[in-house]
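Heads up, the thing below is written out as structure tokens.
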Amino acid sequence: MEGIAKGPVNHRNVGYAERWELLKDVMAELYLGDKKEKLKDIVEIMKRDYQFYASLVMISLHLSSRALTQFYIYREPEYKRHFRLWGMKKAIPTKKKEKICRELETRAQQGKSSVVLHKGRAESQKIRRYLKERTRQKISVPPRFSVGIVDAGYLSGHALQFGNKV
């Protein structure tokens, strides 16, 4: 990984909370960086590259009178909790998306092109997806169907969305 110092961080002499703070920048780059790793992948990378085992839970199973099987589970909720405490979010809130869309529409009417930056990163794909979804919602229910009772005969098979038949 570029820009992230790899290698073991000595956690033996550092408390649990300090370990999180030492690796905060690494986790932020993995979670919010260019690759935007999935949480389960971050857990594995932190385990493999940094020997960081957050929320390690050991489970012991007695399969027979002599056999004891132990395995470890690495819980993701601890990562989610810390990301929330640090204010790390991948999503753009709806109110911000609406404001961005209004600005984009205004600039488009003026003939200006725009690049959307959210927290210093270009997020045009998220805004484009939001605009498409908003447009679909506006046209999915035509105004004549929005109020009142609709005759089921009018809704014949091929006219329904998603191939449903009446």
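I'm checking my understanding of the structure. Among residues of region 16-45 that are among the small types (Gly, Ala, Ser) and under 15 Å from the mean Cα position of the chain (by Cα), which one is nearest to residue 87 (Cα to Cα)?
Among those that are among the small types (Gly, Ala, Ser) and under 15 Å from the mean Cα position of the chain (by Cα), it is 28.
For region 108-115, does any single residue satisfy the condition of being closer than 17 Å to residue 35 by Cα and in contact with a strand residue (DSSP E or B) (Cβ under 9 Å, 6 or more places away or on another chain)?
Scanning region 108-115, I find no residue that is closer than 17 Å to residue 35 by Cα and in contact with a strand residue (DSSP E or B) (Cβ under 9 Å, 6 or more places away or on another chain), so the answer is no.
Scan region 96-114 and tell me whether some residue there is outside the structural domain of residue 24 (by TED's automatic domain parsing), surrounded by fewer than 11 Cβ atoms within 10 Å (Cβ to Cβ) and at positive phi.
Looking for residues that are outside the structural domain of residue 24 (by TED's automatic domain parsing), surrounded by fewer than 11 Cβ atoms within 10 Å (Cβ to Cβ) and at positive phi, one finds at least one in region 96-114, hence yes.
The values are calculated or read from the model by the stated rules, or taken from the named source; none is laboratory data. All of these numbers come straight from a predicted model, not from anything done at the bench. Note that each Cβ is placed from the backbone with ideal geometry, even for glycine, and that neighbours are counted across all protein chains shown.
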